[in-house]
Amino acid sequence: MGFFTRLLRVRERVRSNPEAAWDPDDNASELVLDDEVADHFALEMDIDAYIAIHERWRARLEDMVHCRTSEVMRPELICQDHRCDLGRWLFGTGHARYGQHTVFAMLVARHQYFHQQAAAVVTLFQAGDRQQALRVLGSSCRHASNQVVLLLKELKGAAVR
């Protein structure tokens with residue numbers, strides 16, 4: 001079976017379907033994405049998008065600590081893991097679709113820890129302790145962030161199986 005044959009299936013048009021929009025004399029078939037394959041692609045796009053969003057957020061922290069931005073971050077908001085795009089997904093659609101996977105609970109916990117470490121980085125930086133902010137950013141914050149990305153990738157693999 002070829003790649004496109006596995007990816008797409010042929011759905012015959014049924015003349016009795018009043019919602020079918022085609023020429024009544026045309027008995028052509030249409031190629032449609034298989035439901036299981038469509039769910040798999042949606043999952044991959046969801047998770048890949050959230051990995052990119054998380055990495056951009058981490059880059060904002062790095063820009064702040066390296067004085068490449070004038071953005072003012074608020075640690076009392078940053079520590080709230082449900083406020084970012086990934087957090088809203090984890091506590092909403094992500095939980096509804098993938099909450100049954102073991103890796104999901106670990107992902108939520110590591111994401112929360114990342115936010116705690118990110119808030120610590122911002123607090124230290126704003127208190128004038130740039131060296132300690134750099135240390136936390138380069139150690140526990142980076143480690144938590146890397147774990148979030150790895151767990152998102154693991155979730156993607158687990159959900160497909």
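The values are calculated or read from the model by the stated rules, or taken from the named source; none is laboratory data. What you see is a predicted model; the values in this text were computed from it and never measured. Quick reminder, even Gly has a Cβ in these numbers, built from the backbone with ideal geometry, and neighbours come from all protein chains shown. Heavy atoms of the whole protein, side chains included, go into the accessibility calculation; ligands, DNA and RNA do not. Shrake-Rupley method; radii C 1.70, N 1.55, O 1.52, S 1.80 Å.
Regarding S145, is this residue of a type in the set (S, T, Y), surrounded by 13 or more Cβ atoms within 10 Å (Cβ to Cβ) and over 17 Å from D46 (Cα atoms)?
yes
Without any contact (Cβ under 8 Å) to a residue 12 or more places away in the chain and of a type in the set (A, V, I, L, M, F, W, C): which single residue out of A119, A96 fits that description? Walk me through it before giving the result.
On the way: A119 fails: without any contact (Cβ under 8 Å) to a residue 12 or more places away in the chain.
A96 is the lone residue from the list that is without any contact (Cβ under 8 Å) to a residue 12 or more places away in the chain and of a type in the set (A, V, I, L, M, F, W, C).
Enumerate the pairs (first residue in the range 69-85 and open to solvent by less than 60 Å² (accessible area, probe 1.4 Å); second residue anywhere and assigned to a loop (DSSP other than H, G, I, E, B) and modelled with pLDDT under 95) with beta-carbon separation below 8 Å, excluding pairs fewer than 6 apart on the same chain, so at least 6 apart or on different chains.
Every condition considered, the pairs that remain are L77/R83.
Within the range 80-93, can one find any residue that is of a type outside the set (D, E, K, R), more than 15 Å from Y50 (Cα to Cα) and assigned to a helix (DSSP H, G or I)? Write out each step before concluding.
Applying the first criterion (of a type outside the set (D, E, K, R)) to the range 80-93 yields 80, 82, 84, 86-87, 89-93.
With the extra rule that they be more than 15 Å from Y50 (Cα to Cα), the set shrinks to 80.
Add one more test, that the residue is assigned to a helix (DSSP H, G or I), and what stays is none.
Within the range 80-93 (the criterion being of a type outside the set (D, E, K, R), more than 15 Å from Y50 (Cα to Cα) and assigned to a helix (DSSP H, G or I)), the answer is no, since none of the residues qualifies.
State all residues of the range 124-161 that are within 14 Å of E62 (Cα to Cα) and in contact with a helix residue (DSSP H, G or I) (Cβ under 6 Å, 6 or more places away or on another chain); if no residue qualifies, say none.
Within the range 124-161, L124, F125, Q132, A133, L134, V136, L137, S140, C141, S145 qualify.
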